[in-house]
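Student: Pasting a structure below so you can have a look.
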Amino acid sequence: MKRLSIKLRVTLWITALMVLVAAAALALLFVVGREMMAQSLRDTLTEAVEENGALLTAVEGELDTDDVDSFDRGVYLMVYDGEGYPIHGRMPLGYADELAFRDGVLQRVDEWYLYDTLFEVEGFGQVWVRGVISGEEAEATVNALFRIALIALPGLVLLAAIGGYLITVRAFRPVRQIAETARQISSGDDLTRRIGLGEGRDEIYTLAAAFDHMFDRLQASFERERQFTSDVSHELRTPVAVIISQCELALESDQTPEEQREALETVLERARRMSALIAQLLTMARADQGRLKLNLEKLNLSDLTQMAVEEVMPQAEERQIEIVTDIQPDLTLQGDETMILRLLLNLMENGVRYGREGGHLWVSLARQGEELVGTVRDDGIGISHEQPPHIWERFYQADPARSGSREGAGLGLSMARYIAQAHGGSVAAESVEGVGSVFTFRLPENPKNLSEKSEKP
């Protein structure tokens, strides 16, 4: 059997619930209505009988009934002596006075209700006062109300069913919009589509906003993947082309040994750069997959920083850049030596690459509270105001023509940021175009919850 839609199931549930409520309301109206009717009749009878019975007196052994009414507030009244012989009053037409007297008890005969009270009249003896009232009019009123309810409540049930269906249709309209948007995205290649329900506080709007946020991240992820593939292809194509051309040149028969050696040196240099690029890509891939583990140990960051300075010194000398250091000695932290060294080298090599030829590179390291703070400052080309958000992206480079070098692949700063975050720290950049840039990294001496703080590059 085909499953019913959620809209129909909700509507059926509301309808069934309203039917139960209507049935319960009808039953309650019938029971309570009759009970209230009986109580009203009892009160009327009791008041009429008690008030008129209190007016009975005896004069010289004879019962005086002059002050007693025969009909009071719709109640017919009869006075009897102790033996049940009628003395005063009248009964309604059609009523057969056959029931025995019962003091203080409401009795019923056909449509008639009667009530008896026994009085003790001084100077005369016991006297019965019986009141009789017709219940036909009261029952007619109750029955009329019951018939009205019997007609109105089904109408309310139908109205509730229609209203419930319309409400569920309106409530599930955003769900259909969510499903349709997801179907269009999955069946096509337009990742820019969004549900766009707007502002709302209920669960459906929250779900739609969560889906839109997920679609944003998916689109960004696919775009990064597409850009990554394009950038990797571009970065590898140039050295591969150089290697092929140099090998072809070396294989020509008229090449001298010196020319062949020069070609092989070019091939080796390009191969090393390709190897370094592939190594960085492998590191990032492992980081993306959460498989990059840190080998934490106690490190002397001061010595490690000085080691990095010495390693980039030849590159700086080629561009006649003077490196000025201000490193506090014996600053230690818990970290991965290879990763921290890579962080330092990436920042310093970036400073050399984009520094002004014949300029300076300032490297400093100091303790601030429980953090070790290092800076790498250059007086090079700087960064334009629209570039800072992008410098941490993979393969992003400032204009290489202005730096005088094309050796960078645009992975250094992205890797540096990841390494800092993986150690519970951070990296920030400040720059003025044409003046220079300052990169500041902060690393805690004793990082905690590294797996929680690290982010993918």
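The values are calculated or read from the model by the stated rules, or taken from the named source; none is laboratory data. Quantities reported herein were computed from a predicted structural model and do not represent experimental measurements. Note: ideal-geometry Cβ built from the backbone for every residue, glycine included; neighbour counts use all protein chains shown. Note: areas computed on protein heavy atoms with side chains; ligands, DNA, RNA excluded. Shrake-Rupley method; radii C 1.70, N 1.55, O 1.52, S 1.80 Å.
Student: Suppose the filter is open to solvent by 40 Å² or more (accessible area, probe 1.4 Å), over 17 Å from residue 43 (Cβ atoms), in contact with a Ser or Thr (Cβ under 7 Å, 6 or more places away or on another chain) and not in a loop (DSSP other than H, G, I, E, B); does residue 87 pass it?
Tutor: The answer is yes for residue 87.
Student: Looking at (1) at pLDDT below 90; (2) of a type in the set (S, T, N, Q); (3) under 28 Å from residue 223 (Cβ atoms); (4) in contact with a strand residue (DSSP E or B) (Cβ under 6 Å, 6 or more places away or on another chain), find the lone condition where residue 403 falls short.
Tutor: Only one criterion is unmet by residue 403, namely (4).
Student: Of the numbered conditions (1) at pLDDT 60 or above; (2) in contact with a Gly (Cβ under 6 Å, 6 or more places away or on another chain); (3) not aromatic (Phe, Trp, Tyr), residue 397 satisfies every one except a single condition; which is it?
Tutor: Of everything listed in (1) at pLDDT 60 or above; (2) in contact with a Gly (Cβ under 6 Å, 6 or more places away or on another chain); (3) not aromatic (Phe, Trp, Tyr), residue 397 misses just condition (1).
Student: Could you list all residues from region 320-347 that are farther than 17 Å from residue 437 by Cα, in contact with a helix residue (DSSP H, G or I) (Cβ under 7 Å, 6 or more places away or on another chain) and in a loop (DSSP other than H, G, I, E, B)?
Tutor: 328, 329, 330, 331
Student: Being within 20 Å of residue 429 (Cβ to Cβ) and out of contact with any strand residue (DSSP E or B) (no Cβ under 7 Å at 6 or more places or on another chain) is the filter here; which residues of region 323-340 pass it?
Tutor: Residue satisfying the conditions is 339 alone.
Student: Looking at region 97-114, which of its residues are of a type in the set (Gly, Ala, Ser) and either open to solvent by 50 Å² or more (accessible area, probe 1.4 Å) or touching a Gly at 6+ places or on another chain (Cβ under 7 Å) (or both)?
Tutor: Correct list: 100 only.
Student: Something else about it: If you go through region 40-68, how many residues are closer than 11 Å to residue 129 by Cβ, part of a loop (DSSP other than H, G, I, E, B) and not aliphatic (A, V, I, L, M)?
Tutor: Here the count works out to 1.
Student: Among the residues of region 55-73, is any touching a strand residue (DSSP E or B) at 6+ places or on another chain (Cβ under 7 Å), surrounded by fewer than 17 Cβ atoms within 10 Å (Cβ to Cβ) and among the hydroxyl-bearing types (Ser, Thr, Tyr)?
Tutor: Among the residues of region 55-73, at least one is touching a strand residue (DSSP E or B) at 6+ places or on another chain (Cβ under 7 Å), surrounded by fewer than 17 Cβ atoms within 10 Å (Cβ to Cβ) and among the hydroxyl-bearing types (Ser, Thr, Tyr), which makes the answer yes.
Student: Further question on the same structure: Looking for something surrounded by fewer than 14 Cβ atoms within 10 Å (Cβ to Cβ), part of a strand (DSSP E or B) and touching a residue at least 24 places away in the same chain (Cβ under 8 Å) - is there at least one such residue anywhere in region 135-146?
Tutor: No.
Student: Of the residues 352, 363, only one is outside any helix (DSSP H, G or I), at pLDDT 90 or above, on the phi < 0 side of the Ramachandran plot and open to solvent by less than 60 Å² (accessible area, probe 1.4 Å); which?
Tutor: 363
Student: Let me ask another. Considering (1) surrounded by fewer than 16 Cβ atoms within 10 Å (Cβ to Cβ); (2) modelled with pLDDT under 80, say which one residue 433 fails and leave the rest.
Tutor: In the conditions (1) surrounded by fewer than 16 Cβ atoms within 10 Å (Cβ to Cβ); (2) modelled with pLDDT under 80, residue 433 misses (2) alone.
Student: To continue, here is another question. I'm checking my understanding of the structure. Among residues of region 255-272 that are of a type outside the set (S, T, N, Q) and in contact (Cβ under 8 Å) with a residue 24 or more places away in the chain, which one is surrounded by the most Cβ atoms within 10 Å (Cβ to Cβ)?
Tutor: 267
Student: Before we move on, is residue 40 of a type in the set (Ser, Thr, Tyr) and farther than 24 Å from residue 122 by Cα?
Tutor: Yes; evaluated as a whole, the condition is true for this residue.
Student: Among the residues of region 188-221, which ones are open to solvent by 90 Å² or more (accessible area, probe 1.4 Å), part of a helix (DSSP H, G or I) and modelled with pLDDT under 75?
Tutor: Residue satisfying the conditions is 203 alone.
Student: Can you tell me which condition residue 20 does not meet? The list is (1) among the aliphatic types (A, V, I, L, M); (2) farther than 20 Å from residue 126 by Cα; (3) surrounded by 15 or more Cβ atoms within 10 Å (Cβ to Cβ), and all the others hold.
Tutor: (3)
Student: Now a separate question. Restricting to region 8-57, what's the tally of residues that are closer than 16 Å to residue 106 by Cβ and of a type in the set (Val, Ile, Thr)?
Tutor: Matching residues across region 8-57 total 3.
Student: Could you tell me which residue of region 224-251 is surrounded by the fewest Cβ atoms within 10 Å (Cβ to Cβ), considering only residues that are among the acidic types (Asp, Glu) and modelled with pLDDT under 75?
Tutor: Here the residue is 225.
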